[in-house]
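Trainee: Here it is, the structure, as structure tokens.
Coordinate-derived values only; no laboratory data. These figures come from a predicted structure and were not determined experimentally. Because the Cβ atoms are built from the backbone with ideal geometry, glycine has one as well, and the counts that use them run over all protein chains shown.
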Amino acid sequence: MVDFTKYTLDNGLKVIVHPDASTPIGTVNLLYNVGAKHENPERTGFAHLFEHLMFEGSVHIPSYDTPLQKAGGENNAFTSNDITNYYLTLPVENLETGFWLESDRMLGLNLTEEKIRVQKNVVIEEFNQRYRNQPYGDAMMLLREMAYKVHPYQWSTIGKDISHIEGATGEEVRAFFYRHYAPNNAILTVVGNIEPEKVKEMANRWFGPIPSREIAQKDIPREPVQEEARSREVTRDVPHNVIYKAYHMNDHNHPDYIPADLISDLLANGNSARLYQNLVKGKKMFSNLDAHITGDVDEGLLLISGTLTPNTGMKQGEEALLEELARLKNEPVDEQELQKVKNKVEAVHTYTKTSALHKALNLSYFELLGDANRINTEDQAYQKVTPADVQRVSQKVLDENNCSTLYYYAKAQ
Amino acid sequence: MTMENPERTQQPAIQTISSIHIARAQQHTLSNGLPVYAIESGTEDIVKVDLLFRAGNWFQPKPLVAEATCEMLSEGSQNYTSRQIAAQMDYYGAFLRTAANKDVANVSLLTLKKYLSPTLQVLADVVKKPTFPQQELITYLNNKKQHYQLEYTKVNTLSKVHFNEALFGSHHPYGRILQLEDHDQVGRDDLGDFHQKHYTADQCALLVTGKIDESVFQSLEEQLGGEDWKGSGNTIQTPDFRPFTTTETEVFTPKPDAVQSALRIGKVLFNKRHPDFPGLQVVNTILGGYFGSRLMKKIREEKGYTYGIFSVLVPMVNEGYLTIASEVGANVCRKAIDAIYEEIKKLREEKVGQPELTMVRNYMMGQLLRAFDGPLPTASTYMSLMEMNLDEDYYQRVVYTVNNITPEDIRELANKYLNEQEMVRSVAGKCE
């Protein structure tokens, strides 16, 4: 059981506190409800560029990292299609430094053209390192643009095209800040060996005076139901043929989200999973297979990808894969097999709870979805899924008319 | 209501962490002589069991045998097929991991405490009585080959393996580059022989972390303490290898279509058993060991040449080395290399200022706290000590050094060990 208290400051900032006496480290997590999906289609990659700029100094503090490191702290951040999340950990005695730093950069930044120029370069090198200079590095980008025709999940957090980052002006960057960074668009979570009252006092002192701001309300278009199979073939200088399949699934708050997650586990979580046992070990058609859900807030994807063994044709491999998916649709899953994936969910939740940082992240994310207490109830929700749910959701999701397939061919040597 | 702004230009008062609480491992011995180190940690009902064997590449008679033996343990044993092992672990939500590196092999189990008994039973069977089924070995090696082909297209991998070869030589276990053909030379018998020789109780150490009580020790005794698993009685000869560093300044691996080049710069030094290691760890942290390091500031934050750069002192059981690593734009590759050498030179010539030293000290103390924060970090911190045959006192020495090292000491260490002229670099990709 993760005990926590939750309240909202007058300026709209949501605060969650979880006292944890087992750790000498304090954790501050600040989730901003802004991600790549909130970007202008002509200016993609901004949320992520902004994550970099948040470390370039704020109104009263020229360097973010120096005072944090002086307090024994460490930090990082990530941007997804839905959110931008900042976290820091430090000896709990020095927690106030975390409040001081995070509140000042929520108040305002101190950006110069030079700082923006350098971070644009860093992001371009990140794009090169992660997407251009890696085998199969562009696969996810190709899948997104095939799967989404209107929803902004059609681009990755790094952006649709790196020219959007190259062309970003200081003015656009500053405007983005005031449209999205505000107490009324954020969730602050604190975990550590500390009295909730003391956290409340610090939250009020440091974040209380920051005025709420008008948040750009952007109607995010809903992706229309896909009605026919989509596919694309590419040939690249990579060692092996790989097949990727992306199926639309429900949003995070939909009752069918959890069955879809368990379907991906039945397929590929652990060495006893179906795809590994039958297609890697049994038929030896793939050297590895993966299935997972993207875990997005809006309607996301259930992704399957597999590297073919040298003697297996692309279509032959796909057929074998589709047979496995058909089995999920045609036959109810065995109770014991379903219990297996539920047990794993329960165990992994328990392992995760050994880390204060993971607890802070999960509390923030569940609060974004509507209720931080789901950190305590999620296990039961998974336990309730029945074989009939799995079969019904398999039939709905694992339909080729609902799928985008990417055939990624290796250039003949 | 508008609230008054607090004083925002001054950092709130901070406390300096000058000591850390390091839980000592309790030592036990099972009936067959297997030493058990136990550390109670955390609030969740989980148990992590780690077994350490001196069975890494250093000891293998030919390439890939150490890794294949370790990774194939869970592919079949006397009482369980590969499929049953996977099914049993997954059913209980447990993780069984087997991995060998250049020096040691590690078999670990992470489980909910309530499922320790059935999962430990599987672990014991795979460690004591693996069967290395021929069919499983063929599948394993074929898939491993494909993985190898993928990895060796990456500039980062190419730069790393050629760097290690340049430091240690192609006949040294730390330096030899794995070849695709090596995958065709490994047979069942190699694995069986290597297992019989190295996976014995008298050459094993066990660490258990998490929620620990009498029932945990009882399970360990039942599964791993019996007379059926002891040792060969023979002392294992540790082979002797000496590094043979290249005299070249740079080894270059071309990849003409690369948009970035991967760099490694460094030299052979020593491991954690050397008295200068903790001090050099401070020097390394200043140079490239954390986000605010000089290399990050210069190469990423000032120049924008890279997404990231770090330096690390890699402690191996028999040696140690420094590596500075980054992936940089092909068009700025030479400039980045020059800038890196410039930073090393600065460490040798100029004394580090007090504010920077204070920051690094406090940061390192924070890192030490994190290293023991919760059962999983604690387990991995202790395993790295056990691998080196060190005990908790090592961290007392680190704490002492971090708190007492002076700017003069740092400059002296940099001059003694970090001479640019003695560094070797490996570049993979395209350097314009």
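Trainee: Thinking of chain B as a set of Cα atoms, what percent of all their pairs are more than 29 Å apart?
Mentor: For chain B, the fraction of Cα-Cα distances above 29 Å is 55 percent.
Trainee: In region A:230-410, what percentage of the DSSP-assigned beta bridges are antiparallel, given to the nearest 5?
Mentor: DSSP beta bridges in region A:230-410 are roughly 75 percent antiparallel.
Trainee: Looking at region B:169-255, which GluC sites (Glu not before Pro) are in a loop (DSSP not H, G, I, E or B) and have at most 10 other Cβ atoms within 10 Å?
Mentor: Sites meeting the loop and neighbour criteria: B:E227.
Trainee: Relative contact order for chain A: what is it in percent, counting Cα pairs under 8 Å that are at least 6 residues apart?
Mentor: Relative contact order here is 22 percent.
Trainee: So what's Rg/Rh here for region B:157-311, counting alpha carbon atoms and using the Kirkwood radius for Rh?
Mentor: 1.08
Trainee: Here is a follow-up. Which of the trypsin sites (Lys or Arg not before Pro) across region B:20-60 are loop residues per DSSP, with 16 or fewer other Cβ within 10 Å?
Mentor: B:R24
Trainee: Turning to a different aspect of this structure: If you line up the long axis of helix A:374-383 against the longest principal axis of chain A, both from Cα atoms, how many degrees apart are they, to the nearest 10?
Mentor: 10
Trainee: Can you give the mean number of other chain Cβ atoms that lie within 10 Å of the Cβ atoms in peptide A:58-71?
Mentor: Counting other chains' Cβ atoms within 10 Å and averaging over A:58-71 gives 6.
Trainee: Here is a further query. Can you bin the protein assembly as shown into rounded, prolate or oblate? Criterion: square roots of the alpha carbon gyration tensor eigenvalues sorted a ≥ b ≥ c, rounded for a/c under 1.5, prolate for a/b above b/c, oblate for the rest.
Mentor: Rounded, because the longest to shortest axis ratio a/c is under 1.5.
Trainee: Now a separate question. Determine the shielding of peptide B:360-371 by partner chains: average, over its residues, the number of Cβ atoms on other chains within 10 angstrom of each Cβ.
Mentor: Average per residue, whole number: 5.
Trainee: To make sure I understand the rule: partners must be lysines, Cα under 18 Å from the Cα of B:K113, and not fewer than 8 residues away in the same chain. Which ones qualify?
Mentor: Result set, ordered by chain and number: A:K340, A:K342, A:K344, A:K353, B:K48, B:K211.
Trainee: Please find the FRET efficiency linking B:N142 to A:S22, where r is the Cβ-Cβ separation and R0 is fixed at 60 Å, and quote it to the nearest 0.05.
Mentor: The calculated FRET efficiency here is 0.85.
Trainee: A follow-up question, please. When ranked by the protection proxy of mean other Cβ atoms within 10 Å per residue, highest first, what sequence do the peptides A:320-326, B:350-356 form?
Mentor: Averaged packing, sorted descending, gives the order A:320-326, B:350-356.
Trainee: Applying a 10 Å radius around every beta-carbon, put A:299-310, B:375-386 in order of their mean neighbour count, most first.
Mentor: So the peptides A:299-310, B:375-386, ranked by packing, come out A:299-310, B:375-386.
Trainee: Let me ask something additional. With r defined as the distance between the Cβ atoms of A:Y7 and B:Q367 and R0 fixed at 30 Å, what FRET efficiency is calculated, to the nearest 0.05?
Mentor: Between A:Y7 and B:Q367 the formula returns 0.35.
Trainee: Can you tell me the convex hull volume per residue for chain A, based on C-alpha atoms, in Å³ to the nearest whole number?
Mentor: Per-residue hull volume (Cα only) is 146 Å³.
Trainee: Mind checking which lysines have their C-alpha under 20 Å from A:K284, skipping anything on the same chain fewer than 8 residues away?
Mentor: Answer for A:K284, where 20 Å is the Cα cut-off: A:K245, A:K315, B:K144, B:K145, listed by chain and number.
Trainee: Tell me the angle of helix A:170-180 to the major Cα principal axis of chain A, expressed in degrees between 0 and 90 and rounded to the nearest ten.
Mentor: Roughly 90 degrees between the two axes.
Trainee: Then there is this: Give the percent of DSSP beta bridges with both residues in the protein assembly as shown that are antiparallel, rounded to the nearest 5.
Mentor: Antiparallel: roughly 80 percent of the beta bridges in the protein assembly as shown.
Trainee: Based on Cβ point charges of +1 for Lys and Arg and -1 for Asp and Glu, what charge dipole magnitude is obtained for region A:230-410 about its Cα centre, in debye rounded to the nearest 20?
Mentor: Dipole about the Cα centre, nearest 20: 520 debye.
Trainee: Identify all aspartates and glutamates with a Cα-Cα distance to B:K346 below 13 Å; exclude those on the same chain that are fewer than 8 residues away in sequence.
Mentor: Filter leaves B:D338, B:E412, B:E420.
Trainee: Over region A:66-202, what is the relative contact order in percent, taking alpha-carbon pairs closer than 8 angstrom and at least six residues apart?
Mentor: 22
Trainee: OK, next. Between B:Y341 and B:R273, what's the calculated FRET efficiency when r is the beta-carbon distance and R0 is 41 Å? Round to 0.05.
Mentor: The calculated FRET efficiency here is 0.90.
Trainee: Taking Cα centroids, how far is region B:89-113 from region A:14-89 in Å?
Mentor: First find each Cα centre; the distance between them is then 33 Å.
Trainee: Give the residue list of trypsin sites (Lys or Arg not before Pro) in region B:226-330 that are DSSP loop and have at most 15 other beta-carbon atoms within 10 angstrom.
Mentor: Here the trypsin sites (Lys or Arg not before Pro) that fit, given the DSSP loop and packing criteria, are B:K230, B:R273.
Trainee: Further question on the same structure: Roughly how big is the protein assembly as shown's charge dipole about its Cα centre, with Cβ charges of +1 (Lys, Arg) and -1 (Asp, Glu), in debye to the nearest 20?
Mentor: Once rounded to the nearest 20, the dipole reads 1140 debye.
Trainee: Averaged across the residues of B:149-160, what count of C-beta atoms belonging to other chains lies within 10 Å of each residue's C-beta?
Mentor: 3
Trainee: Measuring from label point to label point, each 7 Å out along Cα→Cβ, what is the B:R97 to B:L180 span in nm?
Mentor: Each label point is offset 7 Å from its Cα along the Cβ direction, giving 3.0 nm.
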